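What follows is one structure encoded as structure tokens, with my remarks underneath.
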Amino acid sequence: MNNSASLEVHAHWDPIADATYNLHKDSPENIVLFDLSPNEPVREYKGNAFNAFLPASTVAVGDVWELDMDSVIPFLSQFHLGATGKLRHGQKGAFACLRALSPDYADITFRIHAEFTLATRPNPDWKPGSDRRRQVDLARFIPSQYAGRLLINLKTGVICDFSLALPPRNSNVDINDFEYADMVFVPRMELLATPTQTSDDIKWKDVITPEAARRRLELKFYKFAEIDWLPLEDAVKKAEATQRPIHAVLTWGPLVDESC
């Protein structure tokens, strides 16, 4: 990337708007702990910072590659310095997909699984030389995922557009405190640059839809996403037609993210 060009990125982080158990406000301590806002509302990134989202070798449209979490986490630290890719549970990692390509531009879609350690405390069972952690998590903020996009001018090496956001659906975050947990809704948590170029007027040579790119990323995290899930009514009809049993799964939230 062109390191002489920089990009200003704004961070937006709305308060918790809804919750199952209202853990975030069940004590004065938790009210303070979960009253969250961006660590840096505005940050300027040099061009080479965005190398974190680029492939190590040549790829074709539709190809997926793994991202180095150590290079990605500095972006999430704009939200909170407790950003980490070391999830306690669930599917870790980050992947990107080349969604569209022209002679002059490349459009990359990416997905990140990360969380935030809001506070820690000393581990009473820790001893020098032991394999126990010296600090244990006191409180954590666990987003369902971060979905993002990068638009690059291949001729100049300049980043034209960048965004990274928590999908704005209900129950999109887990919060943990003193081993208690809650599912909450955060309407907006986003890193957003002011674009210098949009993809609307770009004539792509090769392209897949945003939905297809997101699907390829989803499959990198969850093998079971290959299952052809059916609504109950359709499953009943298919079971009757094929004389096969129904395997029903009841979940409290989506299966294909880290929110529950």
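Quick one: is LEU217 assigned to a loop (DSSP other than H, G, I, E, B) and touching a Lys or Arg at 6+ places or on another chain (Cβ under 7 Å)?
No, not satisfied.
Every test in (1) at pLDDT below 90; (2) farther than 30 Å from SER27 by Cα is passed by VAL136 save one, and that test is (2). Of all the residues in the stretch 233-255, those that are of a type in the set (Val, Ile, Thr) and part of a loop (DSSP other than H, G, I, E, B) number 3.
Of note, ASP182 satisfies the criterion of being surrounded by 18 or more Cβ atoms within 10 Å (Cβ to Cβ), farther than 22 Å from VAL61 by Cα, over 14 Å from the mean Cα position of the chain (by Cα) and charged (D, E, K, R).
Considering only residues in the stretch 208-260 that are touching an Asp or Glu at 6+ places or on another chain (Cβ under 7 Å) and over 23 Å from VAL186 (Cα atoms), the one that is surrounded by the most Cβ atoms within 10 Å (Cβ to Cβ) turns out to be LEU219. Taking the criterion of being under 18 Å from ASN176 (Cα atoms) and either of a type in the set (Ser, Thr, Tyr) or part of a strand (DSSP E or B) (or both), the residues of the stretch 57-94 that qualify are ALA83, THR84.
Quick one: would you say ARG121 is exposed (fewer than 12 other Cβ atoms within 10 Å of the Cβ), in a strand (DSSP E or B), of a type outside the set (S, T, N, Q) and over 17 Å from the mean Cα position of the chain (by Cα)? So ARG121 fits the description; yes. Report whether or not PHE141 is of a type in the set (Phe, Trp, Tyr), touching a strand residue (DSSP E or B) at 6+ places or on another chain (Cβ under 9 Å), more than 29 Å from THR20 (Cα to Cα) and part of a strand (DSSP E or B). Answer is no for this residue. Taking the criterion of being farther than 21 Å from LEU191 by Cβ and in contact with a Pro (Cβ under 8 Å, 6 or more places away or on another chain), the only residue of the stretch 26-64 that qualifies is ASP63. Hey, does the stretch 222-239 have a residue that's in contact (Cβ under 8 Å) with a residue 12 or more places away in the chain, over 25 Å from the mean Cα position of the chain (by Cα) and closer than 27 Å to PHE53 by Cβ? Checking the stretch 222-239: not a single residue is in contact (Cβ under 8 Å) with a residue 12 or more places away in the chain, over 25 Å from the mean Cα position of the chain (by Cα) and closer than 27 Å to PHE53 by Cβ. Of ALA165, ALA147, all but one fail to be touching an Asp or Glu at 6+ places or on another chain (Cβ under 6 Å), within 15 Å of ARG214 (Cβ to Cβ) and either surrounded by 15 or more Cβ atoms within 10 Å (Cβ to Cβ) or at pLDDT 90 or above (or both); the exception is ALA165.
Per-residue answers, yes or no, for (1) surrounded by 14 or more Cβ atoms within 10 Å (Cβ to Cβ); (2) modelled with pLDDT under 95; (3) not charged (D, E, K, R):
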residue	(1), (2), (3)
ARG43	yes, no, no
PHE50	yes, no, yes
PHE75	yes, no, yes
ALA83	yes, no, yes
GLY90	yes, yes, yes
CYS97	yes, no, yes
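The values are calculated or read from the model by the stated rules, or taken from the named source; none is laboratory data. This one's a predicted model, so the numbers in the text were calculated from it and none came from an experiment. As a convention, Cβ positions derive from the backbone with ideal geometry for all residues, glycine included, and neighbour counts pool all protein chains shown.
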